[in-house]
1. Report relative contact order for the chain in percent, whole number only (criteria: Cα-Cα under 8 Å, sequence separation at least 6).
2. Can you find, among Phe194, Val144, Pro89, the residue sitting farthest towards the positive end of the charge dipole of the chain, where Lys and Arg contribute +1 and Asp and Glu -1 at Cβ?
3. Rounding to the nearest 10 and keeping the result within 0 to 90°, find how far the Cα-based axis of helix 118-133 lies from the longest principal axis of the chain.
4. How far is helix 148-166 tilted, in degrees, relative to the longest principal axis of the Cα atoms in the chain, given as a value from 0 to 90 rounded to the nearest 10?
5. How do Glu151, Glu76 rank when sorted from fewest to most other Cβ atoms within 10 Å of their own Cβ?
6. Roughly speaking, what % of Cα-Cα pairs in region 44-225 are separated by over 19 Å, rounded to a whole number?
7. For Met75 and Leu18 in the same chain, what is the full-extension length gain: residue separation times 0.36 nm, less their Cα-Cα distance, in nm?
8. Cα-Cα over 26 Å: which of Lys71/Lys104; Lys59/Lys171; Lys134/Lys171; Lys71/Lys156; Lys164/Lys219; Lys55/Lys121?
Amino acid sequence: MFKKNLVEYLLNPKNWWLPLLIIFVISMGGVTLIGVHTYTEAPPIPNFESTQKKKIYSKNDILDGQAIFLKYALMEYGSMFGDGANRGPDFTAEALHLIAAEMKNYYTTNSPNNLTDSFFKYGITEKVKYEIKKNNYQEITNSVELNKAQEFAIIKLENYYLEKFTNPMSKGAFKPAGYITDSVEIKSLTAFIFWGSWVCGVERPGENYSYTHNWPYDKEAGNTPSAAIILWSILGSLGLIIGLGLVLYYYGKLEKIEDETFTKKAPNF
């Protein structure tokens, strides 16, 4: 009886404030929780160093690159971490794939073996995945040590973006042509994009997935959906379906209540 009265109370248009309050509290609670996690679980912005402790990209280089990214509103032409316009590439996904491909090329070129053995080729692929996933971040010095293959890939990445922005005839040239021409700005921008690819690839401390839960999907870089992603994707879909079903169910109950109300108030003939 209580449940029926509660449903009737909630579905009564005069009591609109209570469902609205419930929705507001749940929504604000969710947004607050997401906001807290965004800052407390954010990836570091480290200094990237070579094995000889030579600076490759400093934290300031990455932040300068972020400023360049914002200055030219590149999210209007592509996206970063999947967030932005769909008129161009996702720079993080693009860079992660290029890094994986160039690391593979490095080991292939510098191998004494002629790679006729398919098992050897498979070993290089797995080595690249392992090195992309391995988290070398040192919190005390706020630094990450990169190996020779990663250094090689970064040089290739810098050349790729220099060509992309300055050579309108190159494959995958940025449009509009000549949008960014300063080589110093492009180098800083590359530092920011590389950091984004590192965040997408490297494993979060204590976990077997990256800071972005292995997004974007890139098998060559070892980014495949984790069990948590599959589970929550299924639960999210089921939640949407069940939620819509409940809304339709109680909407039908509301119509029934209104019909009964009008019937009772109708004059007798």
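1. Relative contact order comes out at 20 percent.
2. Farthest towards the positive end: Pro89.
3. That helix lies at roughly 60 degrees to the long axis.
4. The two axes meet at around 70 degrees.
5. Glu76, Glu151
6. Tail of P(r) above 19 Å: 58 percent of Cα pairs.
7. Working: separation 57, 0.36 × 57 = 20.52 nm, distance 3.97 nm.
Residue separation times 0.36 nm, minus the Cα-Cα distance, leaves 16.6 nm.
8. The answer is Lys71/Lys104; Lys59/Lys171; Lys134/Lys171; Lys55/Lys121.
Each reported figure results from applying straightforward, stated rules to the coordinates on display, with no laboratory input. All values derive from a computational prediction rather than experimental measurement. As a convention, Cβ positions derive from the backbone with ideal geometry for all residues, glycine included, and neighbour counts pool all protein chains shown.
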